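A.B. asks: A single structure is presented below for examination.
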Amino acid sequence: LPTRASPTSPPIPSPVISPAAKQQPWSLITLDDLERGEHIASGSMGSIYAATWRGRRVALKSLHDPTSSALKETEEELLVHAALGHKHIVELLGANLAPRGCCIVLELCRESLFVRLYRRREEMERRTTVTIALHVARAVEYMHARSPSVVHRDIKSHNVLLDFDGTAKLCDFGLAAIG
């Protein structure tokens, strides 16, 4: 059955200019709290590593550009992401927006749909393809049913992650629009 946002869904807060100006809706996790492991991927905003936090395997996104404009964009993305809680959206565990040691900590998934489709040699079964499409549709339905609604605006194979049991999850809310 589709998952619908309840009328009591937490609202998506408006972005704030300064991370220090207001308590953030995510846990503060510093680089000192993490044990960084192997490099997983790199993107335009940062590098992603496997890491361990409080005994849990996590994904650590280390940002390339800690300038105030980049941190403001990151904060806006995190405010959207922190308000979303759904089994088909990658869980945001915490972040640190201090310029030295700026990082984002997320649920660790096995691989992106891009890697699954284009870097593996075996063909994907039709049932798996349909299941992934259904998972993404449920995440989108959840975001669109919220008040105000959230529009992802960047759904692509790089932004669909597959966890270790094959569940598809949306990530990367940098281009999301509210309303």
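A.B. asks: When the Debye formula is applied to the Cα atoms of the stretch 82-137, each taken as the same point scatterer, what base-10 log of I(q)/I(0) results at q = 0.23, 0.26 Å⁻¹?
C.D. replies: Relative scattering, expressed as log10 I(q)/I(0), comes to -1.00, -1.11.
A.B. asks: Once neighbouring chains are kept in place and the probe is 1.4 Å, which whole percent of the accessible area of the chain is contributed by carbon and sulfur?
C.D. replies: Within the chain, the accessible surface is 52 percent carbon and sulfur.
A.B. asks: Give me the log10 of I(q) over I(0) for the stretch 56-172 at q = 0.14, 0.20 Å⁻¹, as the Debye formula computes it from C-alpha points; what are the numbers?
C.D. replies: Here the Debye-derived log intensity ratios amount to -0.64, -1.15.
A.B. asks: Now, a different point. Where does the longest stretch of the chain lie that holds no GluC sites (Glu not before Pro) found in a DSSP loop with 10 or fewer other Cβ atoms within 10 Å?
C.D. replies: Values: sites that count: Glu122, Glu123, Glu125.
Excluding the exposed sites themselves, the longest stretch runs over 1-121.
A.B. asks: Near Lys156, which aspartates and glutamates are there with a Cα under 12 Å away, not counting those fewer than 8 places off in the same chain?
C.D. replies: The reachable aspartates and glutamates, counting only those whose Cα sits under 12 Å from Lys156, are Asp172.
A.B. asks: Right, next: Calculate for the chain the 222 nm mean residue ellipticity that helices alone would give, adding -39,500 (n - 2.57) per DSSP H run of length 4 or more and normalising by residue count, nearest 500 deg cm²/dmol. Intermediate values should be presented prior to the final figure.
C.D. replies: Values: 3 runs with 41 residues, N = 179.
It lands at -7500 deg cm²/dmol.
A.B. asks: At 1.4 Å probe radius, can you tell me the per residue accessible area of the chain in Å²? Don't jump to the answer; show the numbers that get you there.
C.D. replies: On the way: 10250 Å² over 179 residues.
For the chain, the solvent-accessible area averages 57 Å² per residue.
A.B. asks: Right, here's the next one. Leaving ligands, DNA and RNA out of it, rank Arg126, Arg146, Arg153, Arg121 by accessible area with a 1.4 Å probe, largest first. Numbers along the way, then the final one.
C.D. replies: Numbers: Arg126 195, Arg146 15, Arg153 155, Arg121 230 Å².
So the residues, ranked largest to smallest area, are Arg121, Arg126, Arg153, Arg146.
A.B. asks: Same structure, new question: Within the stretch 34-116, report the trypsin sites (Lys or Arg not before Pro) that DSSP leaves as loop and that have at most 12 other Cβ atoms within 10 Å. Kindly include the intermediate steps, with their values, before the conclusion.
C.D. replies: On the way: sites: Arg36, Arg54, Arg56, Arg57, Lys61, Lys72, Lys87, Arg100, Arg110, Arg116; in loops: Arg54, Lys87, Arg100, Arg110.
Of the trypsin sites (Lys or Arg not before Pro), the ones in loops of the stretch 34-116 whose Cβ has at most 12 other Cβ atoms within 10 Å are Arg54, Arg100.
The values are calculated or read from the model by the stated rules, or taken from the named source; none is laboratory data. If you're wondering where the values come from, they're calculated on a predicted model, not measured in any experiment. In this analysis, Cβ positions are derived from the backbone assuming ideal geometry, glycine residues included, and neighbour counts consider all displayed protein chains. Just the protein is used for accessible areas: all its heavy atoms, side chains included, with ligands, DNA and RNA removed. Shrake-Rupley method; radii C 1.70, N 1.55, O 1.52, S 1.80 Å.
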